[in-house]
2 protein chains.
Amino acid sequence: MLENVNDKQIKKMTLPQLHALCDEARQKIISTVFKNGGHLSSNLGTVELTVALHYVFDFPEDKVIFDVGHQCYTHKLLSGRYEKFDTIRKKGGLSGFPKREESIYDCYNTGHAGTSVSAALGIAKARDISGQNFNVIVVIGDGSFNNGLIYEAFNSLRLLNTKILVILNDNGMSISPTVGSMHEYLEILSADSEQKAKRDKHAKIFERFGFGYDGVYDGNDLEQMIAKLIEVKERLKTESVILHVLSKKGKGYAFCEENPEATHGISVSGTVKDVSVEYSDVLGNTLETLAEKNEKIVAVTAAMTSSLGLSGFFEKFPERSVDVGICEEHATILCASMATEGLKPFYAVYSTFLQRSFDEILIDICSQNLPVTLCIDRAGISGADGETHQGVFDLSFLSLVPNLTIAVPKDVKEFEAMIHFCAEYNAPIAVRYPREGKRIFGKQSKIVAGKWEKLKDGDSKFAIIACGERPVTIALSAAEMLEKDGINVGVINARFVKPLDTVMLDGLKEKHILTVEDNVLAGGLGSLINSHFAHGGKNIKNFAYGDVFIPQGGVGELMDEYGVSSAAIVEYIKNESR
Amino acid sequence: MLENVNDKQIKKMTLPQLHALCDEARQKIISTVFKNGGHLSSNLGTVELTVALHYVFDFPEDKVIFDVGHQCYTHKLLSGRYEKFDTIRKKGGLSGFPKREESIYDCYNTGHAGTSVSAALGIAKARDISGQNFNVIVVIGDGSFNNGLIYEAFNSLRLLNTKILVILNDNGMSISPTVGSMHEYLEILSADSEQKAKRDKHAKIFERFGFGYDGVYDGNDLEQMIAKLIEVKERLKTESVILHVLSKKGKGYAFCEENPEATHGISVSGTVKDVSVEYSDVLGNTLETLAEKNEKIVAVTAAMTSSLGLSGFFEKFPERSVDVGICEEHATILCASMATEGLKPFYAVYSTFLQRSFDEILIDICSQNLPVTLCIDRAGISGADGETHQGVFDLSFLSLVPNLTIAVPKDVKEFEAMIHFCAEYNAPIAVRYPREGKRIFGKQSKIVAGKWEKLKDGDSKFAIIACGERPVTIALSAAEMLEKDGINVGVINARFVKPLDTVMLDGLKEKHILTVEDNVLAGGLGSLINSHFAHGGKNIKNFAYGDVFIPQGGVGELMDEYGVSSAAIVEYIKNESR
């Protein structure tokens, strides 16, 4: 039934048929996610709500925006993408997030938390300005409700004088369990469901911003959802509404229901098998060891304690652990300000989410030259989550920041040493690393600030400078291949991208330099080295990503396609050696 | 009396003496700001509050954080900086913002709105962790209360389980009059001052987040402020408190009281005299002209309508004008989402505040390839406001963004043509410009996407590539000087920093290239050109700012000191010509 279903048919379905549709969607999601990886429990929790939305509203004329977008799978299944659903998160396949390029049923691309209400207001305002008439709906989890963007958007609702529907899909989780006073407040609203009067008093916080509030309802109760949406659709003609629903993350799949944090995102086992160790585990273990002796160390995260490897630290040192929810900017300033009082904060965050606190890194941490360590996980190509989640910009937007040191360890062993180094380092420092550690290199020399490590000498005219595990692996592997052809290439581990090891660089003046990095070229390692040598003229070849957004795919296949590979290096050097 | 005053003496003063102190501080501020420029009305509004703070609390043991920091002048006068006060905003002098480097009475540097509550929480948390005992106080205006950071900080107060005092200094202005529902709410609190019961009900919104609320009081009533602070200091032992005070921006100086927006920041006349036209005026006039014919055009700002030149547009086209208050991220997403519906948004913002929506520029606007125009005012060195306000990073953090075109007009005439060009351009584009237009160049050729303009041919081996009015001025002036020495240097106007005009660049293969820009080197024009030529080897000399935060000073003197000047170019070329 799910195959080829469209909104017209859905609107004619009976309740039992709609229930069957939900079951089918749920099964399809489970089987696909276990094959392709992806967000599981959030999608299972929103099946009924999404079916009800398609039953009541008229897409694509009406617009729905999914906050973060990791709960859009049922929407994709119901909007003509059933057949391609098997390709989700694969190279060239459907995205795991809403994508305008993919379907007219996706009106706004999301990926980072908290943008949906702003986007809905913009679309609704544009509708009003151009004299159109359609509904604009947001589906947003309670985790995103912590983000400051939501407040900025709410604050401007009356000002913009427009109408939207915000469906607050409350499951008590934001990858980690949701924290903060807004969440406590939502819990009060939920707990009071028997006492309408009391609840209505609490709901005033939303009314203050100009929303009508209606809640709390069971988001997994299809019949109730349909009835509520019909009612709210009417109400939308005269005012903006927040519809507060409770849903069960992982609904319909017992293991997910019991383990919502672990099953928020699923990796496919094929990838997992090759992993020797995750950098995040090394971070957690190392920080725990350090924190036992150094009581100044604090750990800060924004709603991702477990995936950043910090669960153990948080258990062991609760008074020195801070998770503020999805509030990257606030978390960054907390680190800066704690450092003014002599503490030693480590802020762990995914590369893609670090982008959100660029201004605070620049102004609060670095212009005050405060000893905060940024632990940047999922740096480089992150793979199947696609454009919005690639960690390929951090070297670029950090290299321009004065006072900041940038370190890129070549493997987990060097990473551990680097964290020890950071604990003693009295200035802002960023350490960037991928998710998986796949190998430990033989050479492990002492870490000295701003100094690189020679991994392999070479008597040819070529020298490769690489930073990070993947690029160093690629460089060494290229060197190995070239050795078979009698070309002996030097390989250098650029542990620090900032400052550059100018002494070692200047020792390479006679060499033809190749740079390799898991980052875009502009502002990255290669670009910094180009500028170092620009005055005087020098032959340099950069291997880095070009000026494009990199779509989803496997890490290896994307690196190959976007030109950062040992094969590309080998080919280049062979050509130049002729 | 103000000279050499310290907190110990202040605590012994009688009320009449304290009043006299206020008067003296106010006079000192007025006379100094009219000499040095700076924030006037905000500082005049907080004299009594600051004197009361110094009377009641024990600085520097207790800590006070001024949000934005533009209202810290009285604090500086009372904390040992009277003698140096004449140097405020001058090169090498006192900063117009709090600076830890300057005094132990400044515990946290501010400059951008909304960071203070986060910073206070971090400092208070650090205090608790290290077992210390002092008070942490925030002074924040109602304008900053619109920013999402405040919500993120409030949301985590209970979670962090610490205690701070937030003094909400409500003057109804955030440069422009404050907008939004939070502001309306604050007005309700203020209006109700006679009806305590009703007011207390309203105050629940703060209590929801764990604050005790006390208000509304007259922030310019010294006696009341002292009494209130004594009371609140006691209350702080058991809970966090918001003290809501109303103050009059520009208090004690009639012209300021009546013109708070115009007197928010004062420029000294010496600077103004040379100005022929402000880029912001050209922006406003051009957009008005365009909007009359093109009904898709909308203008968006974040609390700076007038200083960005958009007051006229807002008056003429209110339905297509959006000012969301100090919410840079929200404003950026509004633009992206309005563009999805076919509108043509122009987002005008100062370069330094654009930093705050880096993630939204990257993800919302550019990864969706939406035709939003970023109008980046006060780009390059902005001068007397110092480190936190220099606009010297935008080329760098924008050049790494795929799909984005970056334009840098050489004068206001080209700027006007560029805005016309943007109105027809169907992709994301950023236009960056300084505040003041000082000259119009003779040559004005048609703007073609990604194409540069040759301003001067040269038969020597040198070619200068410059972007923006100041660098083009410097380049032409250097070329003129060199011509007297018989060295004929070509000068190119790099109207587009992204994409580079690679055809023209490659035509310069035999030349020794010099690049000139009003931006840091990393990621800027020079760096992009270096990378373009890295493969093959080429002699390039970059004139751009180095890897440092640039302090306050005059634009010209800072550009000279940091190496972007015609003198430096002339010297370099002469040396290389020998």
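For the protein assembly as shown, which whole percent of the accessible surface, found with a 1.4 angstrom probe, sits on carbon and sulfur atoms?
Ligands and nucleic acids excluded, carbon and sulfur give 49 percent.
Past 21 Å, Cα to Cα, is the threshold; run A:K125/B:K296; A:K8/A:K249; B:K163/B:K249; B:K293/B:K410 against it and keep the listed order.
In this structure, A:K8/A:K249; B:K163/B:K249; B:K293/B:K410 exceed 21 Å between Cα atoms.
Sequence-distant or interchain residues sharing an amide H contact under 5 Å with B:I540, placed H: which?
A:H535, A:G536, A:G537
Sort all Cα-Cα distances of region A:1-87 into consecutive 5 angstrom bins from zero, then give the percent of pairs in each bin up to the one containing the longest distance.
3, 15, 29, 27, 18, 7, 1
Rounded, prolate or oblate: which one fits region B:1-147, using the alpha carbon gyration tensor with axes a ≥ b ≥ c (rounded when a/c is under 1.5, else prolate when a/b beats b/c, else oblate)?
Because a/c hits 1.5 or more and a/b fails to exceed b/c, region B:1-147 counts as oblate.
Sort B:E576, A:E292, B:E436 by heavy-atom solvent-accessible area, probe 1.4 angstrom, most to least.
These residues rank, largest area first, as A:E292, B:E576, B:E436.
What distance in nm lies between label points placed 7 Å from Cα along the C-beta direction at A:E480 and B:K237?
Here the modelled spin labels are 6.9 nm apart.
Quick one: grab the alpha carbon gyration tensor of region B:441-555, order the square roots of its eigenvalues as a ≥ b ≥ c, and give me rounded if a/c is under 1.5, else prolate or oblate depending on whether a/b is larger than b/c. Don't skip to the answer; put the middle values down first.
Working: a/c = 1.28, a/b = 1.10, b/c = 1.16.
It comes out rounded by the Cα gyration axes.
Which cross-chain or sequence-distant (5 or more) residues have an amide H under 5 Å from the amide H of A:G265, H modelled 1.01 Å from N in plane?
Residues meeting the amide H criterion: A:L40.
Provide Rg and Dmax in Å for region B:278-366, with only Cα atoms included in the calculation.
Over region B:278-366's Cα set, Rg and Dmax evaluate to 12.2, 33 Å.
Sort A:371-377, A:308-314, A:552-558, B:332-338 for me by packing, meaning the mean count of neighbouring Cβ atoms within 10 Å per residue, highest on top.
The densest-packed peptide leads the list: B:332-338, A:371-377, A:308-314, A:552-558.
As a test of the definition: which semi-axes, in Å, follow for chain A when you take the square root of five times each eigenvalue of its alpha carbon gyration tensor? Largest first, please.
The three semi-axes for chain A are 46, 27, 21 Å.
Could you pull out every residue, at least 5 positions away or on a different chain, whose amide H is within less than 5 Å of the one on B:K91? Hs are placed 1.01 Å off N in the peptide plane, and Pro or chain starts have none.
So B:K91 has HN proximity to B:G554.
Work out how much length A:D506 to A:N575 would gain on full extension: take 0.36 nm times their residue separation and subtract the Cα-Cα distance, in nm to one decimal.
Gain on extension, A:D506 to A:N575, equals 22.3 nm.
Net charge around B:G553, counting only other residues with Cβ within less than 12 Å of its Cβ (Lys, Arg = +1; Asp, Glu = -1)?
-2
Can you sort B:E207, A:E453 by 1.4 Å-probe accessible area, starting with the largest?
Final ranking, largest accessible area leading: B:E207, A:E453.
Let me test this: with uniform point scatterers at the alpha carbons of region A:285-324, what is the Debye-based log₁₀ I(q)/I(0) at q = 0.23 1/Å?
Values, matching the q order: -0.65.
How big is the Cα convex hull of region B:318-372 in projection, averaged over all directions, in nm²? Before the final figure, lay out each step's value.
Details: hull surface 14.5 nm².
That works out to 3.6 nm², a quarter of the Cα hull's surface.
Report ³J(HN,Hα) in whole Hz for each residue of region A:518-531, in order, from the Karplus equation J = 6.51 cos²θ - 1.76 cosθ + 1.60 where θ = phi - 60°; Gly and Pro get x.
Per residue, the Karplus-derived 3J(HN,Hα) values read 9, 6, 5, 5, 4, x, x, 3, x, 5, 5, 5, 4, 5 Hz.
For the Cα atoms of chain A, what angle does the longest principal axis make with the long axis of helix A:566-577, in degrees from 0 to 90, nearest 10?
40
Return the calculated 222 nm mean residue ellipticity for chain A, to the nearest 500 deg cm²/dmol, obtained by summing -39500 (n - 2.57) across DSSP H runs with n ≥ 4 and dividing by the residue count.
Taken over chain A, the calculation gives -11500 deg cm²/dmol.
I'd like the accessible area for B:I205, computed on protein heavy atoms only with a 1.4 Å probe and all protein chains in place. Round to 10 Å², please.
Around 20 Å² of this residue is reachable by solvent.
With every protein chain present, what is the per residue accessible area of chain A (1.4 Å probe, Å²)? Spell out each step's value before the answer.
On the way: 18540 Å² over 578 residues.
Spelled out: the 1.4 Å probe surface of chain A, per residue, equals 32 Å².
Could you tell me how far the Cα centroid of region A:33-68 sits from the Cα centroid of region A:277-324, in Å?
Result: 34 Å between the Cα centres.
I'd like the FRET efficiency for B:Q444 and B:K293, computed as 1/(1 + (r/R0)^6) with the beta carbon distance as r and R0 of 22 Å, rounded to 0.05.
After rounding to 0.05, the efficiency reads 0.50.
May I ask for the net charge around B:K456, where only other residues with Cβ less than 12 Å from the Cβ of B:K456 are counted and Lys, Arg are +1 while Asp, Glu are -1?
The answer is -3.
For region A:477-490, just list the computed ³J(HN,Hα) in residue order, Karplus coefficients 6.51, -1.76 and 1.60, θ = phi - 60°, integers in Hz, with x standing in for Gly and Pro.
Result, rounded to whole Hz: 5, 5, 4, 4, 4, 5, 4, 4, 9, x, 9, 9, 9, x.
In whole Hz, what ³J(HN,Hα) sequence does region A:2-19 give by Karplus (6.51, -1.76, 1.60; θ = phi - 60°), x for Gly and Pro?
With coefficients 6.51, -1.76 and 1.60, one gets 5, 4, 6, 5, 9, 4, 4, 5, 4, 5, 8, 6, 7, 4, x, 5, 5, 4 Hz.
Scan chain A for the residue whose Cβ is closest to the axis carrying it onto chain B, then write down that distance in whole angstrom.
Measuring from each Cβ to the axis, the minimum is at A:G148, 1.
Please report the projected area of the protein assembly as shown's Cα convex hull averaged over all directions, in nm².
One quarter of the hull surface, i.e. the mean projection, equals 43.6 nm².
Using 1/(1 + (r/R0)^6) with R0 = 25 angstrom and r between the beta carbons of A:T14 and A:A227, what's the FRET efficiency to the nearest 0.05?
0.95
Which percent, nearest 5, of DSSP beta bridges in the protein assembly as shown are antiparallel?
In the protein assembly as shown, DSSP labels about 20 percent of beta bridges as antiparallel.
Let me check I've understood the local charge: for B:S79, count other residues with C-beta under 10 angstrom from its C-beta, Lys and Arg +1, Asp and Glu -1. What total comes out?
-1
Classify region A:294-434: rounded, prolate or oblate, from the alpha-carbon gyration tensor (a ≥ b ≥ c, eigenvalue square roots; a/c under 1.5 rounded; otherwise prolate if a/b is larger than b/c)?
rounded
Please give, to one decimal in nm, the separation of the simple spin-label points placed at A:K91 and B:K204, each 7 Å out from Cα toward the Cβ.
Label-label distance for A:K91 and B:K204, simple model: 5.8 nm.
Of the listed pairs A:K11/A:K251; B:K90/B:K574; A:K316/A:K413; A:K35/A:K91; B:K11/B:K99, which have alpha-carbon separations greater than 21 Å here?
Result: A:K11/A:K251; B:K90/B:K574; A:K316/A:K413; B:K11/B:K99 exceed 21 Å.
So what does log10 I(q)/I(0) come out to for region A:56-119 at q = 0.16 Å⁻¹, using the Debye formula with one equal point on every Cα and no solvent?
-0.48
The values are calculated or read from the model by the stated rules, or taken from the named source; none is laboratory data. Predicted model only: the values in this text are computed from it and were never measured. Cβ: placed from backbone, ideal geometry, glycine included. Neighbour counts: every protein chain shown. The accessibility values were calculated without ligands, DNA or RNA, using every heavy atom of the protein model including side chains. Shrake-Rupley method; radii C 1.70, N 1.55, O 1.52, S 1.80 Å.
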